[in-house]
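Working notes for the structure below.
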Amino acid sequence: MADRIHTGIPGLDEITNGGFIKNQLILLSGTSGAGKTTLSAQFINSGLVEFKQNGVYLSFEEQPESIKANVSAFGWDLDTPQKEGRFNFIKYDPYHVEDVFDIISNSVRDINAKRVVIDSISALGLYLRDPVELRRMIFNLSLILRKLDCTTLIVSEMLPGENKGISRYGVEEFVADSVIVMYYERFQSAFTRSMQVWKSRGSDHSLKLHPYRITEKGIRVYPEEEAFAGTGPVSYTHLTLPTKRIV
């Protein structure tokens with residue numbers, strides 16, 4: 001049975017059959033406003049606070065001060081573990097991507113990090129342009145981070161609407177070991193949030209689309225509820241349907 005790490009995000013371990021598989025690369029894809037950065041920061045914070053696992057957060061777009069200020073509303077203090085040498089927050093220019101492998105490797109080694117977030121891989125695509133090159137870069141990142149004994153979230157933007165795919169460039173999901181998709185979409189006059197484990201290599205996982213909410217303590221997933229799109233807003237129900245598959 002594969003070793004797992006607990007995400008620390010209420011409800012997420014249940015729909016991933018016990019948490020993320022250790023050392024995997026997990027793609028976190030979603031539309032704007034879905035809460036991708038919140039979930040990523042929550043994953044890092046939970047590692048620091050609950051599981052004594054050091055973390056690295058690499059941002060290609062937002063400034064560290066902005067992300068720290070936003071997540072402080074949930075009561076998460078990322079400044080203290082950074083001062084204590086348990087957390088590294090890196091803001092890096094995607095237009096100088098040639099050095100990113102060394103920067104990530106050194107940051108992980110410096111603090112013996114076990115959790116890594118790369119936010120977002122979409123910014124790299126604007127620089128690389130060629131999807132084949134982007135796929136190769138993600139693959140090489142996964143190899144490096146796996147060797148460093150890290151479990152990694154990479155974030156990707158997903159365009160809203162039907163038939164838009166589950167990632168920005170259509171290659172990210174093929175390189176990742178597991179994929180989680182976060183939806184934040186309008187149905188008639190309501191906006192709703194739902195989450196699906198698209199794939200989890202070598203593991204059972206829920207087949208359902210589950211509702212989640214961004215609460216005052218962060219993201220909470222509702223594993224016993226099912227979200228589905230109809231002619232009106234997404235509905236939540238307690239149907240007892242098969243919930244697992246092997247991929």
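Here are the criteria: (1) modelled with pLDDT of 95 or more; (2) aliphatic (A, V, I, L, M); (3) touching a Pro at 6+ places or on another chain (Cβ under 7 Å). Tell me which single one residue 171 does not satisfy.
Result: residue 171 fails condition (1) only.
Listed here are the residues, each with its yes/no results for (1) in contact with a strand residue (DSSP E or B) (Cβ under 9 Å, 6 or more places away or on another chain); (2) in contact (Cβ under 8 Å) with a residue 40 or more places away in the chain.
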{"residue": "147", "(1), (2)": "no, no"}
{"residue": "158", "(1), (2)": "yes, yes"}
{"residue": "172", "(1), (2)": "yes, yes"}
{"residue": "181", "(1), (2)": "yes, yes"}
{"residue": "186", "(1), (2)": "yes, no"}
{"residue": "195", "(1), (2)": "yes, yes"}
{"residue": "202", "(1), (2)": "yes, yes"}
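What tally of residues in segment 78-131 results from selecting those that are open to solvent by less than 40 Å² (accessible area, probe 1.4 Å) and on the phi > 0 side of the Ramachandran plot?
Of the residues in segment 78-131, 1 are open to solvent by less than 40 Å² (accessible area, probe 1.4 Å) and on the phi > 0 side of the Ramachandran plot.
Sort through 194, 189, 178 and tell me the only one that's modelled with pLDDT under 80 and either out of contact with any helix residue (DSSP H, G or I) (no Cβ under 6 Å at 6 or more places or on another chain) or crowded, with 18+ Cβ neighbours inside 10 Å (or both).
Going through 194, 189, 178 in turn, just one is modelled with pLDDT under 80 and either out of contact with any helix residue (DSSP H, G or I) (no Cβ under 6 Å at 6 or more places or on another chain) or crowded, with 18+ Cβ neighbours inside 10 Å (or both): 189.
Mind checking whether some residue in segment 53-61 is among the aromatic types (Phe, Trp, Tyr), open to solvent by 30 Å² or more (accessible area, probe 1.4 Å) and at pLDDT 95 or above?
No: zero hits.
If you scan segment 114-139, which residues turn out to be within 12 Å of residue 176 (Cα to Cα) and at pLDDT 90 or above?
Residue satisfying the conditions is 139 alone.
Out of all the residues in segment 180-228, which are among the β-branched types (Val, Ile, Thr) and within 13 Å of residue 13 (Cβ to Cβ)?
The answer is 180, 197, 219, 221.
Conditions: (1) part of a helix (DSSP H, G or I); (2) without any contact (Cβ under 8 Å) to a residue 60 or more places away in the chain; (3) buried (at least 22 other Cβ atoms within 10 Å of the Cβ). Residue 13 meets all but one. Number of the miss?
Status for residue 13: all satisfied but (3).
Right, residue 240: of a type in the set (Ser, Thr, Tyr), open to solvent by 20 Å² or more (accessible area, probe 1.4 Å) and either under 19 Å from the mean Cα position of the chain (by Cα) or at pLDDT 95 or above (or both) or not?
Judged against the criteria, residue 240 is not a match.
Would it be correct to say that residue 166 is buried (at least 23 other Cβ atoms within 10 Å of the Cβ) and under 24 Å from residue 94 (Cα atoms)?
no
Return the only residue of 216, 225 being modelled with pLDDT of 85 or more, surrounded by fewer than 17 Cβ atoms within 10 Å (Cβ to Cβ) and not basic (Lys, Arg).
216
Looking for whichever is within 20 Å of residue 103 (Cβ to Cβ) and of a type outside the set (A, V, I, L, M) here; the options are 20, 60, 51. Which one fits?
Only one candidate qualifies: 60.
Check whether at least one residue in segment 135-155 is under 23 Å from residue 37 (Cβ atoms) and open to solvent by 80 Å² or more (accessible area, probe 1.4 Å), and report yes or no.
Looking for residues that are under 23 Å from residue 37 (Cβ atoms) and open to solvent by 80 Å² or more (accessible area, probe 1.4 Å), one finds none in segment 135-155, hence no.
Can you find even one residue in segment 28-42 that is out of contact with any helix residue (DSSP H, G or I) (no Cβ under 8 Å at 6 or more places or on another chain), more than 19 Å from residue 222 (Cα to Cα), of a type outside the set (Lys, Arg) and at pLDDT 95 or above?
Scanning segment 28-42 turns up no residue that is out of contact with any helix residue (DSSP H, G or I) (no Cβ under 8 Å at 6 or more places or on another chain), more than 19 Å from residue 222 (Cα to Cα), of a type outside the set (Lys, Arg) and at pLDDT 95 or above.
Among the residues of segment 62-77, which ones are more than 20 Å from residue 124 (Cα to Cα) and open to solvent by less than 10 Å² (accessible area, probe 1.4 Å)?
71
Check residue 33 against each of (1) open to solvent by less than 10 Å² (accessible area, probe 1.4 Å); (2) part of a loop (DSSP other than H, G, I, E, B) and name the one condition it does not meet.
If we test residue 33 against (1) open to solvent by less than 10 Å² (accessible area, probe 1.4 Å); (2) part of a loop (DSSP other than H, G, I, E, B), just (1) comes out false.
The values are calculated or read from the model by the stated rules, or taken from the named source; none is laboratory data. Because the structure is predicted, anything quoted here is derived from the model rather than measured. Cβ atoms come from the backbone with ideal geometry, glycine included; neighbour counts cover every protein chain shown. Heads up: the accessible areas ignore ligands, DNA and RNA and are worked out on the full protein's heavy atoms, side chains in. Shrake-Rupley method; radii C 1.70, N 1.55, O 1.52, S 1.80 Å.
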